[in-house]
Amino acid sequence: MAPTSRSQRRRPQPESGLGVDAAGGPVVDPTRNVLDLVAAAIQRQDDLRDADRRLQVAEQRRADQMAELRSQYDGLLREAESKRIDAIRAVDVGAVQRAAEVQLTQASTLAAQVATSAETLRASVVVAAQAQADLVSKSLVPIQQQVADILIALADLRRVQYEQAGQRAQVVETRDVRGESRLTLSTVVALVVAAIAVLAYFTK
């Protein structure tokens, strides 16, 4: 075995720097991998925060839109309800006015009918009263004439009685005349009473 030289016994020491693998490629430091993973995790968290923030903004925008729509529809509903109530009031007012007009028309018609009926009744009463008055007047003329005749006959009868009372000589004739006179006087009185009763009946 040949002796080794000094140069062969001494191995060259590797210089400091990037390490290489068995194939001679650069060796990646594991710390770089960890840093990349951490950076990726941080980026993902940032992305999640951004997404969450965008989601909150979108939710707030949607809530604001819903509130605005609700406010608009509430205003429309209040306006529609106010119009509905106004329409109901207008219908009620119109109904009251129509009822008042109908009542006024009925009252006017009734007043006209009452006035017409009163005038017709008054005219009928006047005509009936005039006819009754004419009838009474026509009826009273004969009665008055008869009463006047009866009174004249009664006066004549009294005169005859006075004349016969002075004749004392003829007793028999006087008695007969007195009897006849009394009979005639009773008849005349009855006729007068009947005439007065008839006159009182027609003058009522």
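Derivation of every value follows stated rules applied to the coordinates shown; laboratory data play no part. The structure displayed is predicted, hence computed values, not measured ones. Note that each Cβ is placed from the backbone with ideal geometry, even for glycine, and that neighbours are counted across all protein chains shown.
Can you work out the PRE-style zone for Ala133? Point 7 Å along Cα to Cβ, and I want the residues of the range 104-122 with backbone N under 20 Å. Counting backbone N atoms under 20 Å from the label point, the list is 119-122. Take the Cβ-Cβ distance between Val125 and Val93 as r, set R0 to 41 Å, and report the resulting FRET efficiency rounded to the nearest 0.05. About 0.30, to the nearest 0.05. A straight chain from Glu101 to Asp86 at 0.36 nm per residue would run longer than the Cα-Cα distance by 3.2 nm.
Which is farthest toward the positive dipole end of the range 40-165 among Ala107, Ala63, Leu135, measuring Cα position about the Cα centre, with Cβ charges +1 (Lys, Arg) and -1 (Asp, Glu)? The Cα lying farthest towards the positive end belongs to Ala63.
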